[in-house]
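One structure is given here, and the rest of the page talks about it.
The values are calculated or read from the model by the stated rules, or taken from the named source; none is laboratory data. Just so we're clear, the structure is a prediction, and the values are computed from it rather than from any experiment. All Cβ positions, glycine included, derive from the backbone under ideal geometry; neighbour counts span all protein chains shown. In case anyone asks, the SASA skips ligands and DNA or RNA and just uses the protein heavy atoms, side chains included. Shrake-Rupley method; radii C 1.70, N 1.55, O 1.52, S 1.80 Å.
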Amino acid sequence: MTQSLLKVEHLQTAFRTGKGEVVSVEDVSFQLNAGQTIGIVGESGCGKSVTSLSIMRLLGQTGYIKKGTISLNGKDLTKLTETELRDVRGNEAAMIFQEPMTSLNPVFTIGNQMIEMIQLHMMISKKEAKQYAIQMLQKVGIPRAEEVINEYPHKLSGGMRQRVMIAMALSCKPKLLIADEPTTALDVTIQAQILELMKTLRDESNTAIMIISHDLGVIAEMADTVLVMYAGEVVEEADVFTLFDEPKHPYTLGLMKSIPHLETESEERLASIPGTVPTLQNMPSGCRFHTRCPYVMEQCLKEKPKLQGLDEKMGHQVRCWLYEEEQKSENREEAVL
Amino acid sequence: MFQYMVRRILIAIPVLFGVTIFSFLIVNLAPGNPVDMQVNPYATEADIQTKKEALGLNDPIHIQYVHWLVNLAKGDFGYSFSTYEPVLTMIVDRIGPTLLLMGAALVLAYVIAIPIGILSATKQYSWMDYFTTSFSFIGISIPNFFLGLGLIYIFAITFQIFPTGGMNTLGNEGGLMDTLAHLIMPAIVLATGIAGNMVRYVRSSMLEILGQDYLRTARSKGLKEFFVVNKHALKNALIPIITVIGVDIPMLIGGAVVTEQIFQWPGLGQLTIQSIGSRDYPTLMAINLMAAIAVLLSNLIADMLYSVADPRIKYN
Ligand SMILES: Nc1ncnc2c1ncn2[C@@H]1O[C@H](COP(=O)(O)OP(=O)(O)OP(=O)(O)O)[C@@H](O)[C@H]1O
Ligand SMILES: [Mg+2]
């Protein structure tokens, strides 16, 4: 059995705020192998970015990991010192951020920002680093790379900036690439190109990718496994085919129904999940989704369901009482037989 | 860029005219006149009138102004009404000490204030931050004369570490260490307000920058926090800080007048006070003109630096 590259176990991440501590990510666990892609979906504010920032340990001054372990290549990232982390960041694990327009420093040239990173992790001269940076820019499909390298970010479009971010993130050949909504800010054609690019690079260098999106189309396109998050928790995990074929959790079902289809009659309204995500300050007791769930039962209000594997497929896990019942009854039937 | 500078300089010309007209009016509106200020008790009314006539003080004010302007155009600043020396000579004699004092104060203020401002921002809400913000507030609010007199009392009179005033010990002109000893206290007084202001500026502009996405990117590359702050954040924070330089120069000029007077520093500030006392119109006008030019120039320089620090700004 191969050891997985990234193993997140029972991650709990919180922030200190003026109103006290808020827990943004609750008990998140997953694994990722080299060359594989995991997708994380969920509505805005459900903790996708915080999960990825926890892995990079870039939670800022107010955020901290309360519980859990994150092991990358056998190292527990939650235990590393700031100095040890600097060897991991940009080198073993790199991240592409959600906001391409503001993720590059406006007062330094593209070249300066890329070379800085390359020289941090590779023992090469500035001149070589520049040549290498140009190659990386060409690789991500930036035309006139020799000129672009001397430009300041404001001269580039959002799509170009995101390409620069990707080129930068990939320049030190990370084993893990975290892409937080890499295409959300971009228009559809550019979006397809960027995804294509990430796939090519993954296949070339066997990089593990963690891709975050609230767009199920992107997830279907890219991911091998999918985590569905709701209000800081994982509510369902499955391989991409299973998830799209037989989604189990009422929240996932809701998400699926809200995808627009071409064959949908124009008069027919797109389904949406009623209500909004509860705020972290007043999280409902029991199942966090019960306030919006069409199948809510008595039990959901009081007890919190666990994330549990469905019998038939070991990889498919759901956090919902509906299936708990199913399992129990199945077990009972088995016992009777 | 060159075109822009030329345009700015051309715009400055009418501004300077305005400033000189305005200050000419103010100077002449002040009660008393140069002759009254220095008559000896034995002078007769006729003597006074002759003197006034000779100095051109009996002409209507606009004629006087035009007169002054025409002479200025010829490069003639006129003669002092009180010492009868050429105004230009007096200013040339005095400008060195003033530039030395201002330069020392500016360097002192920035060298201290910028690192403190950065530190205060990176450690927001720490005791250090509270300490520096309150201290810088005191620095801004404390009047120069009060701080100056306080320093003189403590360091010159009680402990006798520094001289009470002047630029050199009598009979010891030109000694570098001696000048330095005389310079320290007035430079500190002049620097205090500017440093206080600067700390607050640096702190608030760093605070705004420290939350930016691109710093997270810099950290995600594995960069040391020291460089994240002092390279990536600082260069962005410099952009608003540079504008303060344009504000600091006028503050410095105003401060120098008071500070030089307190410490008997032989510069333009002291000359200003003396000239006001004797209603020395030509000298006052020359000093005003120079101050106005200095302010306009410092604003122009600030704008130039602005475009150097921020690649997004291009003047044309
Ligand atoms: N620095 C912070 N301080 C306090 N709370 C925070 C902080 N950063 C994130 N949060 C909270 O954590 C929760 C999860 O945020 P996160 O950014 O992970 O959402 P997301 O799933 O990435 O959403 P989106 O799709 O909008 O990017 C949110 O409720 C947010 O308010
Ligand atoms: Mg996010």
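With a 1.4 Å probe and every protein chain left in place, tell me how much accessible area B:Tyr110 has, in Å² to the nearest 10.
Here the residue's solvent-accessible area equals roughly 40 Å².
Using only Cα atoms, locate the centre of the stretch B:133-158 and the centre of the stretch A:121-176, then give the distance between them in Å, rounded to an integer.
Between the Cα centres of the stretch B:133-158 and the stretch A:121-176 lies a distance of 53 Å.
Considering only protein heavy atoms, what per residue accessible area in square angstrom results for the stretch B:171-235 with a 1.4 angstrom probe?
Ligands and nucleic acids excluded, the figure is 40 Å² per residue.
Quick one: accessible area per residue over the stretch A:139-213, 1.4 Å probe, rounded to a whole number of Å²?
Normalised by residue count, the accessible surface of the stretch A:139-213 is 38 Å².
Report the label-to-label distance for B:Lys74 and A:Asp187 in nanometres (one decimal), using points 7 Å from each Cα along the Cα→Cβ vector.
Taking the two extended label points, one gets 7.0 nm.
For chain B, set up a GNM with springs between Cα atoms under 10 Å and report which of B:Ala218, B:Ala291, B:Ala43 has the largest fluctuation.
Judging by the Gaussian network model, the answer is B:Ala43.
For the stretch B:213-227, which residues drop by 20 square angstrom or more in accessible area between the chain on its own and all protein chains together (1.4 Å probe)?
Listed in order, they are B:Asp213, B:Tyr214, B:Arg216, B:Thr217, B:Arg219, B:Ser220, B:Lys221, B:Gly222, B:Leu223, B:Lys224.
For the protein assembly as shown, build the charge dipole from Cβ charges (+1 Lys, Arg; -1 Asp, Glu) around the Cα centre, then report which of A:Pro247, B:Phe145, A:Gln193 sits farthest towards its positive end.
B:Phe145
Any chance you could check the stretch B:270-316 for residues losing 40 Å² or more of accessible area when the partner protein chains are in, compared with the chain on its own (1.4 Å probe)?
B:Pro311, B:Arg312
Provide the net charge surrounding B:Thr243, with neighbours chosen by a C-beta distance below 12 Å and charges set as Lys +1, Arg +1, Asp -1, Glu -1.
So the environment of B:Thr243 carries a net charge of -3.
Report the gain in length on full extension from B:Ala156 to B:Ile140: 0.36 nm times residue separation, minus Cα-Cα distance, nm rounded to one decimal.
Contour length minus the Cα-Cα distance gives 3.4 nm.
Which net charge results when you count Lys and Arg as +1 and Asp and Glu as -1 among the other residues whose beta-carbon is under 12 Å from that of B:Pro311?
+2
Kindly compute the accessible surface that chains B and A hide from a 1.4 Å probe when together, both sides summed, and give it to the nearest 100 Å².
Roughly 2200 Å².
At q = 0.09, 0.15 Å⁻¹, what log₁₀ I(q)/I(0) does a Debye calculation on the Cα points of chain B give, no solvent, two decimals?
Log10 of I(q)/I(0), two decimals: -0.61, -1.25.
Farthest toward the dipole's positive end in the stretch B:89-209, which of B:Gln160, B:Met177, B:Ser205, given Cβ charges of +1 (Lys, Arg) and -1 (Asp, Glu) about the Cα centre?
Going by the Cα projections, it comes out as B:Ser205.
In percent, how large is the relative contact order of chain B, given Cα pairs closer than 8 Å and 6 or more residues apart?
Reported as a whole number, the value is 27 percent.
Rounded, prolate or oblate: which fits the stretch B:98-266 when a ≥ b ≥ c are the square roots of the eigenvalues of the alpha-carbon gyration tensor, with rounded for a/c under 1.5 and prolate only if a/b beats b/c?
The shape class here is prolate.
Excluding A:Gln31 itself, calculate the net charge of residues whose Cβ lies under 12 Å from the Cβ of A:Gln31, where each Lys or Arg counts +1 and each Asp or Glu counts -1.
That sum, taken over residues with Cβ under 12 Å, equals -2.
Counting other Cβ atoms within 10 Å, which trypsin sites (Lys or Arg not before Pro) in the stretch B:276-316 have at most 13 and lie in a DSSP loop?
When the trypsin sites (Lys or Arg not before Pro) of the stretch B:276-316 are filtered for loop state and at most 13 Cβ neighbours within 10 Å, B:Arg312, B:Lys314 remain.
For a quick check, take a GNM of chain B with Cα springs below 10 Å and name the residue from B:Thr98, B:Thr272, B:Thr44 with the largest mean-square fluctuation.
The residue with the greatest mean-square fluctuation here is B:Thr44.
How high is the FRET efficiency between B:Thr83 and B:Ile112 when r is their beta carbon distance and R₀ equals 41 Å, given to the nearest 0.05?
That pair, B:Thr83 with B:Ile112, gives E of 0.60.
Summing -39500 (n - 2.57) over the DSSP H runs of n ≥ 4 in the protein assembly as shown and dividing by its residue number, what mean residue ellipticity at 222 nm do you reach, to the nearest 500 deg cm²/dmol?
The helix contribution divided over the protein assembly as shown gives -17500 deg cm²/dmol.
Short version: ³J(HN,Hα) in whole Hz for each residue of the stretch A:218-226, in order, from phi by Karplus 6.51 cos²θ - 1.76 cosθ + 1.60 (θ = phi - 60°), x for Gly and Pro, what are they?
With the stated coefficients, the stretch A:218-226 comes to 4, 5, 4, 5, 9, 8, 8, 10, 10 Hz.
Given H placed 1.01 Å from N in the peptide plane, which residues other than close sequence neighbours of A:Lys67 have an amide H under 5 Å from its amide H?
A:Gln12
Placing +1 at every Lys and Arg Cβ and -1 at every Asp and Glu Cβ, with all other atoms neutral, what dipole size does the stretch A:6-230 have around its Cα centre, in debye to the nearest 20?
Roughly 540 debye, rounded to the nearest 20.
Just want to confirm a number: the relative contact order over the stretch B:1-125, from Cα pairs under 8 angstrom separated by 6+ residues, in percent.
For the stretch B:1-125, the relative contact order is 12 percent.
Identify which of B:Arg94, B:Arg216, B:Arg203 has the largest mean-square fluctuation in a Gaussian network model of chain B, with springs joining Cα atoms closer than 10 Å.
For chain B, modelled as a Gaussian network with Cα springs under 10 Å, the answer is B:Arg216.
Order B:Lys51, A:Lys67, most accessible first, counting only protein heavy atoms with a 1.4 angstrom probe.
Ranking B:Lys51, A:Lys67 by accessible area, largest first, yields A:Lys67, B:Lys51.
Considering only protein heavy atoms and a probe of 1.4 Å, how much of the accessible area of the protein assembly as shown is carbon and sulfur, as a whole percent?
62 percent
Modelling each spin label as a point 7 Å along the Cα-to-Cβ direction, I'd like the B:Phe17/B:Gln49 distance in nm, to one decimal.
Rounded to a tenth, the inter-label distance reads 3.7 nm.
Using amide H atoms built in the peptide plane, which far-off residues or other-chain residues are under 5 Å from A:Ile40 H to H?
A:Ile211, A:Ile212, A:Ser213, A:Leu227
So if I average 1/r over every pair of distinct C-alpha atoms in the protein assembly as shown and take the inverse, what Kirkwood radius in Å does that give?
Radius from the Kirkwood sum: 30.7 Å.
Which of rounded, prolate, oblate describes the stretch A:104-151, given a ≥ b ≥ c as roots of the alpha-carbon gyration tensor eigenvalues and a/c under 1.5 marking rounded, otherwise prolate only if a/b is larger than b/c?
oblate
With θ set to phi - 60°, apply the Karplus curve 6.51 cos²θ - 1.76 cosθ + 1.60 along the stretch B:247-260 and write out the HN-Hα couplings as whole Hz, x wherever there is a Gly or Pro.
So the J values, rounded to whole Hz, are 8, 5, 4, x, 4, 5, 5, x, x, 5, 4, 5, 5, 5.
Could you pull the Cα extents of chain A along its three principal axes, largest to smallest, in whole Å?
Reported extents, whole Å, longest axis first: 74, 52, 47.
In peptide A:102-113, how many Cβ atoms from other protein chains are near each Cβ within 10 Å, on average?
5
Over 19 Å between Cα atoms, which of A:Lys130/B:Lys224; A:Lys139/A:Lys173; A:Lys127/B:Lys314; A:Lys67/B:Lys123; B:Lys123/B:Lys231 qualify?
Listed pairs above 19 Å: A:Lys130/B:Lys224; A:Lys127/B:Lys314; A:Lys67/B:Lys123.
Between A:Tyr230 and residues 5 or more places away or on another chain, which pairs have amide H atoms under 5 Å apart, with H built 1.01 Å from N, and which residues are they?
Sorted by chain and number, the residues that satisfy this are A:Val235.
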